[in-house]
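First comes the structure, then the notes that go with it.
The values are calculated or read from the model by the stated rules, or taken from the named source; none is laboratory data. Just so it is clear, the structure is predicted and the values come from calculations on it, not from any experiment. Counting neighbours? That spans all protein chains shown, and the Cβs are built from the backbone with ideal geometry, glycine included. Calculation scope for accessible area: heavy atoms of the full protein, side chains included, ligands and nucleic acids excluded. Shrake-Rupley method; radii C 1.70, N 1.55, O 1.52, S 1.80 Å.
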Amino acid sequence: MSGLVADRPTPGPPRPWSFPKFERREVAGGRVITCHLPGKPLAVISLVADAGAVTEPAGKEGVAEIVVRALSEGAGPYDAYGFAVAGERLGATWRSHTDWDSLRCGFEVPVGDLVGAAELLAAAVREPHLDEPSLLRVRDERVDEIRLDQSQPGPRAGAAFGSAVWAAGCRYAVPDGGTAETVAALPPDDIRAFHVGGLQPDAVTLIVVGDLDTVDTDAAARAVFAGWIGGRAGTATTVPPEPRVEGRRVVVVDRPGSVQSMLYAGHDGPNRRTPDYVPMTTMALVLGGMFNSRLNYRLREDKGYSYGAFGAFDTRRDAGVFLARSAVQTEVTAPALADAVAEIRTMHDGGATAAELEQARSYRAGVFPINFAGPGAVAAGLADLVVHDLPDDHYDRLRQEVLDVDLDAVNAAAATRLRPDDLVAVVVGDASAVVDELRETGLGPVEVLTDEG
Amino acid sequence: MLTVVPVLPDYPYTLHTLDNGLRVVVSEDHLAPVAAVNVWYDVGSRHESPGRTGFAHLFEHLMFQGSTHVGRNDHFGLISAAGGTLNGTTWCDRTNYYETVPAHHLETALWLEADRMGGLLDALDQQNLDNQREVVKNEKRQTRDNQPYGAWLDLVHTHAWPKGHPYQHSTIGSMADLDAASLEDARGFYSTWYGPDNAVLSIVGDVDTDATLAAVRRYFGGIPAKGAYPPSPPSDLPARIGEEVRLTVPDRVPVPRVFVAYRCPPFGTPEFDALELAAIVLGGGRGCRLYKSLVLDRGLLQAPDGDVTSTWPFVAGATVFIADLPAREGADIGELEAAYHEIAEGLADGVTEAEMERARAVHTSMWLHHLATVDGRADTFSQLTTLFGDPGLVNALLPRQLAVTAGDVAKVAREYLRPDNRVVLVFEPAENAEEAA
């Protein structure tokens, strides 16, 4: 076609970018981070607390998520419905979230109503009713939700993977949101106790992001912190994470008639503050973090086994995991798993090429401004600084480290952080169709679990 | 607490049409050094021929497999190396392709889009087709066939529109049709539908409008217009289904779940605007009627965020209004369904001004959220220009929808949320789902 331009354009000079400037200060005794993003009429006001799943007592897995949901089920002068309507009439969307290392809640709200949203947030965290009928309803709804969630192959594989990788008794062996059994067994008093222990003024940080030109952020912060007399923040006594020692093996969760197998394969890994964080995660991009990564290329673009294949490290505050995953059609379960493991081993043995590293480096450095495009993403990034105790210039420094990382460091991370001989593989699928072939892969003993879901 | 009227969107834009018919929307936004490029082709699963369902979407996959000057892996490779993100999607009324890149790589994205708009056939081969056919079949397995309740979407398409209507099949299509798709089909589809005069290109971000238009002319200007496209398949149909269509679907699922779909006027009509607000009053957010009654008061429904109802933005003949009702464990599914119908039909009896205020505020925030990123805005410019020829609707649509009155909502509820106009799908847990599904 003669009308097309044959030569690929050469890019102009890169334009400068840095993580948005933000300010840390203390208002009414509370820690506050504000970040002015001009031209963003929807703001985020969010509270982050050191009350994630790892701070849950043994046997109470999932209580953090129950607490954060119960906050909006009646607080201050509002009953559950009144609280919902009060926020929504401001155009404010309540968002709550828990993960391994934090509990977060707050609103996305038009900037003009930010102070009003702060008042509602204050009621939720300081004066939640936590009355028995509401707590029981939230708890039982959550049990139903977990069952619904676990009926999907991905979440079921994730739960099986956690308990296959981590020793029984350590928190990571149970999903961060708990199981239907642990949540169903939570008494209201334990839910209230976790609220008191986890949400105290000296254990939370308020984050406000958006076009704050016309917003009195001090008033918003005072609404949250002024007069909040804390009790004592709970001291989390977490069991140090400890991987299981059985070595490599395959766990099949049997779902007769499945037309696909959900594959999860990996092992434990380092925490967020590991010194080789940048080379390790850059290596993982080459292996499974981009469309042209080795895992996706092999399983999707080369073999057509799957809609997609991924691999990444999940670095938590105490430890982490390396996980490769893909949903593949049942007939090719064993060869697909073998291919994925072979890619992990090849990366472990030989590392990345210079060209792959260049692509991963420029991709990762380039997407910073795209990933931090709005108030929600910036607020989440700021919360991560708090959770992992990272310096204020972290993101700019991280981007520079990404640009500077060299092949030796990346390949050293491949050799030490990938452990193909320790892989645990979980397969959620039709056991009768896949077990014999899985045994022949030599990926370790194959154990079949009846699916309780 | 005073409610402050939120700022309505007022995004700048220009619309130009190249000599070959390509419509180009450019909207400057200098808040971050990024640019979003988005192309909508006015072709979707609605334009597929009988026996070739799923083809528009399969074809979208082939658009990532190289073109005249672009190697098989280069589309993803070059955008990734530029530090950008990209993807494509297909639905009934469209196929879209998009990249978000650091702004100094804008021309790379334009060059890639132009090359496949004008030169796909040079790279299309049997190997690519066979590979992507398997990928798409696995996409169907992953998103439908191997998911609990995964059949619901196809069933809505089959039963909410009459036989032969272009929306009567879903975008993913059937395995048999995917298997039957040939290289000849792919060439024919491209030659029929893919051309500059059947596309809208939107560019939003840290760009200069004049320089961007010059670049667009450079890369796209030489692609010849096709001049004519097949007329849209006929889409006229009765305004209502005329009866209740009810199906019970045994499936391997943990709890019963009811989906209700109503036929209603398409996106672009005043009735659709009113139904958008009705969806929020009835089933959007935790201040909605369904959450209050079925979640809080009666414990029958699982909907932790209160989001129960939605509308699909289809434009040909009629679209649907959907309610998704998963039962609480132990709840009686018949009681849940009956309670739902009573509340949904109750909208016809009237809506309070307080409910309307809440719905308007929720709708405004959702729309602002949607437009907050350059990629979301670029997609919306492309969408509204493709469907209605008017990029200005990015700013004008919201005020129009906010003018919907309580009376409008009651009226559309009366006319469309009614027993003789609904498809009811009841999923029930079955012992042997293999035979059931």
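Some points to look at:
- Residues of segment A:339-359 satisfying the condition of being buried (at least 16 other Cβ atoms within 10 Å of the Cβ) and more than 27 Å from the chain's Cα centre (by Cα): A:346
- Residue count for segment B:385-407 under the criterion of being of a type in the set (A, V, I, L, M), in a helix (DSSP H, G or I) and out of contact with any strand residue (DSSP E or B) (no Cβ under 9 Å at 6 or more places or on another chain): the result is 6.
- Condition check for residue A:334 on (1) buried (at least 24 other Cβ atoms within 10 Å of the Cβ); (2) closer than 30 Å to residue B:134 by Cα: one failure, at (1).
- Of all residues in segment A:185-197, exactly one satisfies the criterion of being assigned to a helix (DSSP H, G or I) and open to solvent by less than 10 Å² (accessible area, probe 1.4 Å), namely A:191.
- Residue-level check: of (1) within 10 Å of chain A (Cβ to nearest Cβ); (2) open to solvent by less than 10 Å² (accessible area, probe 1.4 Å); (3) outside any loop (DSSP other than H, G, I, E, B), residue B:97 misses just (1).
To keep it simple, each residue is scored yes or no on (1) in a loop (DSSP other than H, G, I, E, B); (2) under 18 Å from the mean Cα position of the chain (by Cα).
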site	(1), (2)
B:303	yes, no
B:316	yes, yes
B:325	no, no
B:331	yes, no
B:348	no, no
B:359	no, no
B:369	no, yes
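- Checked against (1) in contact with a strand residue (DSSP E or B) (Cβ under 8 Å, 6 or more places away or on another chain); (2) touching a residue at least 24 places away in the same chain (Cβ under 8 Å); (3) within 14 Å of chain B (Cβ to nearest Cβ), residue A:425 meets all criteria but (3).
- Subset of segment A:296-321 (residues that are buried (at least 24 other Cβ atoms within 10 Å of the Cβ) and among the β-branched types (Val, Ile, Thr)): none
- Pick from segment B:152-194, criterion in a loop (DSSP other than H, G, I, E, B) and surrounded by fewer than 18 Cβ atoms within 10 Å (Cβ to Cβ), ranking: farthest from the chain's Cα centre (by Cα): B:182
To keep it simple, each residue is scored yes or no on (1) at pLDDT 95 or above; (2) under 27 Å from the mean Cα position of the chain (by Cα); (3) within 24 Å of residue B:306 (Cβ to Cβ).
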residue: A:38; (1), (2), (3): no, no, no
residue: A:67; (1), (2), (3): yes, yes, yes
residue: A:72; (1), (2), (3): yes, yes, yes
residue: A:76; (1), (2), (3): yes, no, yes
residue: A:83; (1), (2), (3): yes, no, yes
residue: A:128; (1), (2), (3): yes, yes, yes
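- Count of segment A:87-101 residues which are away from chain B (no Cβ under 12 Å) and not in a strand (DSSP E or B): 3
- Failed item in (1) touching a residue at least 40 places away in the same chain (Cβ under 8 Å); (2) touching a strand residue (DSSP E or B) at 6+ places or on another chain (Cβ under 6 Å); (3) of a type in the set (A, V, I, L, M, F, W, C), with residue B:308 passing the rest: (1)
- Scanning segment A:102-137 for residues that are open to solvent by 40 Å² or more (accessible area, probe 1.4 Å), part of a helix (DSSP H, G or I) and away from chain B (no Cβ under 13 Å) yields A:126, A:132.
- Residue among A:84, A:6 that alone is part of a helix (DSSP H, G or I) and within 14 Å of another protein chain (Cβ to nearest Cβ): A:84
- Residue list for segment B:260-274, filter: farther than 18 Å from residue B:156 by Cα and of a type outside the set (Val, Ile, Thr): B:268, B:270, B:271, B:272, B:273, B:274
- Residue B:395 outside the structural domain of residue B:42 (by TED's automatic domain parsing) and open to solvent by 20 Å² or more (accessible area, probe 1.4 Å): yes
- Failed condition for residue A:140, given (1) crowded, with 23+ Cβ neighbours inside 10 Å; (2) facing another protein chain (nearest Cβ under 10 Å); (3) not small (Gly, Ala, Ser): (1)
- Residues in segment A:130-165 that are touching a strand residue (DSSP E or B) at 6+ places or on another chain (Cβ under 7 Å) and either among the small types (Gly, Ala, Ser) or in contact (Cβ under 8 Å) with a residue 12 or more places away in the chain (or both): A:131, A:134, A:153, A:154, A:156, A:157, A:158, A:160, A:161, A:164, A:165.
- If you go through segment A:360-392 and keep only what is open to solvent by 20 Å² or more (accessible area, probe 1.4 Å), under 21 Å from residue A:15 (Cβ atoms), in contact (Cβ under 8 Å) with a residue 60 or more places away in the chain and not basic (Lys, Arg), you end up with A:363, A:372.
- Residue among A:257, A:266, A:230, A:210 that alone is farther than 25 Å from residue A:112 by Cα, open to solvent by less than 20 Å² (accessible area, probe 1.4 Å) and among the small types (Gly, Ala, Ser): A:266
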